[in-house]
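Chemist: Take this structure, written in structure tokens, and hold onto it; I'll ask about it next.
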Amino acid sequence: MSILKLEDVTIRFGGLVAVDKVNLTVEKGSIVALIGPNGAGKSTLFNLITGIYTPTEGTISFMDESIAGKTPYHIAAAGIGRTFQNIRLFTQLTVLENVLIGAHTRGKCDLTGAILKFMPWVRREEGELYDLAIECLKQVGLTYKAYELAGNLPYGEQRRLEIARALAIKPEIILLDEPAAGMNPQEKHTLLEMVQAISKTGVTVFLVEHDMKFVMGISDRIAVLDYGVKIAEGTPEQIRANPKVIEAYLGKGAASNA
Amino acid sequence: MGTYLQSLVAMVDPYLMQILVNVGIAIVLALGLNVIVGLTGQLSLGHAAFMSIGAFASAMITIKTGLPFSLNLVLTGVVTALVAAIIGFPILRLTGDYLAICTLGFAEIVKVFFLNFEPTNKALGLTVPAAKTVIPMPIYVLIVAIIAIVLVTFVQSSRFGRALKAIREDEIAAEAMGINTTRYKIQAFALGSFMAGVGGGLYAHFLSYINPSDFGFLKSVDILSMVVLGGLGSVPGTVIGSSILASAPEFLRFMSQYRMLVYGALLVFLMVFRPNGLLGGVNFMDLCLRAIGKKPAGVALKQKK
């Protein structure tokens with residue numbers, strides 16, 4: 001069953017059409033990759049799905065409910081988690097606090113709960129949130145740094161922390177924006193296994209990535225965007241052989257040589 | 001009980017008592033501003049406006065009704081918080097400098113309003129009768145200050161406080177975590193203003209006379225300096241910052257006309273060498289533990305109960 005459906009999604013910034021009538025369906029439980037040259041509109045598409053932008057035309061449905069134009073916090077609470085292309089961690093807070101904030105939607109206590117700090121229901125909820133946060137940190141292997149400031153972590157661990165934070169929403173689908181950027185091959189391999197493990201827990205994975213080996217090694221389906229238009233979609237084998245894709249990435253000469 | 005406490009208070013030198021009460025009131029005001037500026041990262045330059053709303057509201061409640069002082073203060077806080085929520089709704093959508101300018105403008109509006117408000121004697125100011133309580137004012141201020149410290153400390157380590165800190169760090173990321181940033185900003189603003197209102201009420205009844213000109217931009221900057229000096233977001237820091245800055249003008253009195261010069265120089269010196277504030281970014285508990293030679297907790301994870 002499809003968990004995320006984009007129908008004729010278009011967004012215009014003045015005269016610039018950043019995303020042009022994109023149709024895409026993501027099946028529940030699968031790993032789908034979105035690839036394309038820089039500036040193709042991939043992050044824009046992510047921002048459209050997560051509510052940072054509102055589409056000029058088209059509909060976006062998540063679990064059969066329209067989410068186009070809803071506020072980002074509403075969409076996050078509905079079960080869509082995301083990481084950011086340029087890491088947006090809460091750098092002055094600890095690793096644990098970052099993930100606890102990710103778990104925000106899993107709690108209910110507000111200002112009154114803060115004042116009544118020692119009431120049983122407040123303590124119970126804090127305990128639950130704490131357990132959830134530790135679970136997520138375990139999934140990315142960062143429990144040993146729980147009390148470290150997020151800003152002090154090395155780059156690769158910061159990326160993993162962002163994933164843990166997104167997982168704390170307990171999302172139905174997680175959007176990873178270039179999760180492997182800036183990582184060495186060893187780190188990429190660890191990340192690959194981590195994403196596969198996450199997928200096995202039932203979370204749908206939708207990712208944007210440039211590293212072809214990574215993408216080919218992990219995806220069930222791949223969609224290709226170029227200048228805001230979807231130029232191809234299919235299994236890794238189909239995409240690898242598609243002349244339009246080769247042309248977009250390597251230029252016209254390469255396509256005719258393929 | 002009342003007379004017992006009175007005699008306790010009488011044992012302390014009145015001049016020192018006045019300084020301590022000023023420090024106590026400053027702590028309440030500064031902690032309120034700390035919630036807005038330090039925890040949530042929203043720059044408010046109009047905190048004195050809420051203090052004045054609280055002062056006049058509290059005074060009017062004492063004059064017009066016979067409500068006991070505790071109820072008076074709670075009501076004052078609620079009224080001030082309501083005003084803050086109403087004004088916050090449109091202006092908290094702004095960011096950084098624009099929000100600061102708006103709060104500045106709002107503070108001036110409030111000042112001019114009270115300067116022309118007939119029921120509170122316009123520019124002549126209001127004489128405030130004694131508070132309706134057997135507890136002497138200095139003890140009251142002490143109790144309220146302690147409650148304020150405990151309250152803000154609780155808020156800091158709660159789910160609510162974490163949401164505020166997230167907004168301070170990165171609003172877009174906070175929204176992506178399901179946090180309704182506008183709602184939380186308004187709530188933080190209301191909470192901080194509640195405390196400002198209560199502080200204003202205490203101020204009004206301690207000084208027994210309030211004038212709209214007391215609550216101008218300089219007062220807002222005064223309170224902001226206490227928060228910044230102590231360290232944005234740090235509760236012990238704000239307490240220390242308030243203690244230093246509320247008492248410094250008195251302790252520097254021996255310098256007579258050079259007093260404010262030294263006060264200003266002190267601030268500049270501290271900001272140059274410690275821009276984070278005295279306890280900015282410092283975990284106070286860890287600091288204390290290290291001071292007595294023990295290793296800070298939190299290095300190992302909590303064991304599941």
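Chemist: Name the helices (runs of 4 or more DSSP H) wholly within the stretch B:164-279 that hold at least 2 residues that are within 14 Å of chain A (Cβ to nearest Cβ) and without any contact (Cβ under 8 Å) to a residue 12 or more places away in the chain? I'd like the intermediate steps shown before the answer.
Modeler: Details: elements: B:171-176, B:181-207, B:217-230, B:235-251, B:259-273.
Here the list reads B:171-176.
Chemist: For the list (1) buried (at least 21 other Cβ atoms within 10 Å of the Cβ); (2) within 14 Å of another protein chain (Cβ to nearest Cβ); (3) of a type in the set (Phe, Trp, Tyr), I need the number of the one condition that A:Tyr130 fails.
Modeler: A:Tyr130 satisfies all of (1) buried (at least 21 other Cβ atoms within 10 Å of the Cβ); (2) within 14 Å of another protein chain (Cβ to nearest Cβ); (3) of a type in the set (Phe, Trp, Tyr) except (1).
Chemist: Determine whether A:Leu161 is within 22 Å of A:Asn98 (Cα to Cα) and in contact with a helix residue (DSSP H, G or I) (Cβ under 8 Å, 6 or more places away or on another chain).
Modeler: Values: within 22 Å of A:Asn98 (Cα to Cα): yes; in contact with a helix residue (DSSP H, G or I) (Cβ under 8 Å, 6 or more places away or on another chain): yes.
Taking the combined requirement at face value, the residue satisfies it.
Yes/no per residue for (1) on the phi > 0 side of the Ramachandran plot; (2) β-branched (Val, Ile, Thr); (3) more than 8 Å from chain B (Cβ to nearest Cβ):
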site: A:Arg123; (1), (2), (3): no, no, yes
site: A:Gly141; (1), (2), (3): yes, no, yes
site: A:Tyr147; (1), (2), (3): no, no, no
site: A:Leu153; (1), (2), (3): no, no, yes
site: A:Leu161; (1), (2), (3): no, no, yes
site: A:Asn184; (1), (2), (3): no, no, yes
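Chemist: Testing B:Val134 on (1) surrounded by 22 or more Cβ atoms within 10 Å (Cβ to Cβ); (2) in contact with a Gly (Cβ under 6 Å, 6 or more places away or on another chain), one condition comes back false. Which one is that?
Modeler: Unmet condition: (1).
Chemist: Continuing with this model, one more query. Kindly indicate the residue of the stretch B:1-26 that is without any contact (Cβ under 8 Å) to a residue 24 or more places away in the chain, outside any loop (DSSP other than H, G, I, E, B) and hydrophobic (A, V, I, L, M, F, W, C) and also farthest from B:Val239 (Cα to Cα) among those meeting that condition.
Modeler: B:Ala10
Chemist: Within the stretch A:94-109, restricting attention to residues that are within 8 Å of another protein chain (Cβ to nearest Cβ) and among the β-branched types (Val, Ile, Thr), which residue is nearest to A:Glu135 (Cα to Cα)? Steps first, please.
Modeler: If we filter the stretch A:94-109 for residues that are within 8 Å of another protein chain (Cβ to nearest Cβ), which is where we start, we get A:97, A:100-102, A:104-105, A:107, A:109.
Those still in the list that are among the β-branched types (Val, Ile, Thr) too: A:101, A:105.
Values: A:Ile101: 14, A:Thr105: 16 Å.
By that ranking, first place goes to A:Ile101.
Let's see how each residue does on (1) modelled with pLDDT of 95 or more; (2) buried (at least 19 other Cβ atoms within 10 Å of the Cβ); (3) of a type in the set (D, E, K, R):
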| site | (1), (2), (3) |
| --- | --- |
| A:Asn38 | no, no, no |
| A:Ser43 | no, yes, no |
| A:Phe62 | no, yes, no |
| A:Leu93 | no, yes, no |
| A:Val99 | yes, yes, no |
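Chemist: Continuing with the same structure: Considering every residue within the stretch B:54-67, establish whether at least one is surrounded by 24 or more Cβ atoms within 10 Å (Cβ to Cβ) and under 15 Å from the mean Cα position of the chain (by Cα).
Modeler: Yes, that holds for at least one residue.
Chemist: Would it be correct to say that A:His210 is farther than 14 Å from A:Ile31 by Cβ, at pLDDT 90 or above and either charged (D, E, K, R) or assigned by TED's automatic domain parsing to the domain that holds A:Phe62 (or both)? So that I can check it myself, show each step before the final result.
Modeler: Details: farther than 14 Å from A:Ile31 by Cβ: yes; at pLDDT 90 or above: no; either charged (D, E, K, R) or assigned by TED's automatic domain parsing to the domain that holds A:Phe62 (or both): yes.
No, not satisfied.
Chemist: Using the structure shown, decide if A:Thr83 is buried (at least 20 other Cβ atoms within 10 Å of the Cβ) and within 11 Å of chain B (Cβ to nearest Cβ).
Modeler: Values: buried (at least 20 other Cβ atoms within 10 Å of the Cβ): yes; within 11 Å of chain B (Cβ to nearest Cβ): yes.
For A:Thr83, the condition - buried (at least 20 other Cβ atoms within 10 Å of the Cβ) and within 11 Å of chain B (Cβ to nearest Cβ) - is met.
Chemist: Report the residue count in the stretch A:163-176 for those that are surrounded by fewer than 24 Cβ atoms within 10 Å (Cβ to Cβ) and either in a loop (DSSP other than H, G, I, E, B) or of a type in the set (D, E, K, R) (or both).
Modeler: 3
Chemist: Follow-up. Which one of these is more than 30 Å from A:Phe118 (Cβ to Cβ), crowded, with 16+ Cβ neighbours inside 10 Å, touching a strand residue (DSSP E or B) at 6+ places or on another chain (Cβ under 8 Å) and more than 14 Å from chain A (Cβ to nearest Cβ): B:Thr120, B:Thr103? Give the steps one after another, and end with the answer.
Modeler: Working: B:Thr103 fails: touching a strand residue (DSSP E or B) at 6+ places or on another chain (Cβ under 8 Å).
Being more than 30 Å from A:Phe118 (Cβ to Cβ), crowded, with 16+ Cβ neighbours inside 10 Å, touching a strand residue (DSSP E or B) at 6+ places or on another chain (Cβ under 8 Å) and more than 14 Å from chain A (Cβ to nearest Cβ) holds for just one of B:Thr120, B:Thr103, which is B:Thr120.
Chemist: Is it the case that the stretch B:130-140 has a residue that's more than 10 Å from chain A (Cβ to nearest Cβ) and polar (S, T, N, Q)?
Modeler: If we filter the stretch B:130-140 for residues that are more than 10 Å from chain A (Cβ to nearest Cβ), which is where we start, we get B:130-140.
Subsequent filtering for residues that are polar (S, T, N, Q) retains B:133.
Looking through the stretch B:130-140, at least one residue is more than 10 Å from chain A (Cβ to nearest Cβ) and polar (S, T, N, Q).
Chemist: Can you tell me how many residues in the stretch A:97-118 are assigned to a helix (DSSP H, G or I) and of a type in the set (Lys, Arg)?
Modeler: Initial filter on the stretch A:97-118 (assigned to a helix (DSSP H, G or I)): A:97-106, A:111-115.
Filter again for of a type in the set (Lys, Arg), leaving A:106.
Here the count works out to 1.
Chemist: Among B:Phe154, B:Phe113, which is the only one that is assigned to a helix (DSSP H, G or I), at pLDDT below 95 and more than 22 Å from B:Val28 (Cα to Cα)?
Modeler: Working: B:Phe154 fails: more than 22 Å from B:Val28 (Cα to Cα).
Just a single option satisfies the conditions, and that option is B:Phe113.
Chemist: Quick one: would you say A:Glu57 is among the charged types (D, E, K, R), assigned by TED's automatic domain parsing to the domain that holds A:Phe206 and over 16 Å from the mean Cα position of the chain (by Cα)?
Modeler: Values: among the charged types (D, E, K, R): yes; assigned by TED's automatic domain parsing to the domain that holds A:Phe206: yes; over 16 Å from the mean Cα position of the chain (by Cα): yes.
Yes: the conditions hold for A:Glu57.
Chemist: Report, by residue number, each residue of the stretch B:222-239 that is at pLDDT below 90, of a type in the set (S, T, N, Q) and surrounded by 24 or more Cβ atoms within 10 Å (Cβ to Cβ).
Modeler: B:Ser234, the sole residue that qualifies.
Chemist: Right, another one. With the requirement that a residue be charged (D, E, K, R), more than 22 Å from the chain's Cα centre (by Cα) and either modelled with pLDDT of 90 or more or over 23 Å from A:Ile75 (Cα atoms) (or both), what does the stretch A:101-149 give you? Quick ask: steps written out before the conclusion?
Modeler: Taking the stretch A:101-149 first, the residues charged (D, E, K, R) are A:106, A:108, A:110, A:117, A:123-126, A:128, A:131, A:135, A:138, A:145, A:148.
Filter again for more than 22 Å from the chain's Cα centre (by Cα), leaving A:108, A:110, A:117, A:123-126, A:128, A:131, A:145, A:148.
Correct list: A:Lys117, A:Arg123, A:Arg124, A:Glu125, A:Glu126, A:Glu128, A:Asp131, A:Lys145, A:Glu148.
Chemist: Take the conditions part of a loop (DSSP other than H, G, I, E, B), in contact (Cβ under 8 Å) with a residue 40 or more places away in the chain and within 30 Å of A:Gln92 (Cβ to Cβ) and apply them to A:Ile198. Does it pass? Quick ask: steps written out before the conclusion?
Modeler: Details: part of a loop (DSSP other than H, G, I, E, B): no; in contact (Cβ under 8 Å) with a residue 40 or more places away in the chain: yes; within 30 Å of A:Gln92 (Cβ to Cβ): yes.
The answer is no for A:Ile198.
The values are calculated or read from the model by the stated rules, or taken from the named source; none is laboratory data. Worth saying up front: this structure is predicted, and the values here are computed from it rather than measured. Cβ atoms come from the backbone with ideal geometry, glycine included; neighbour counts cover every protein chain shown.
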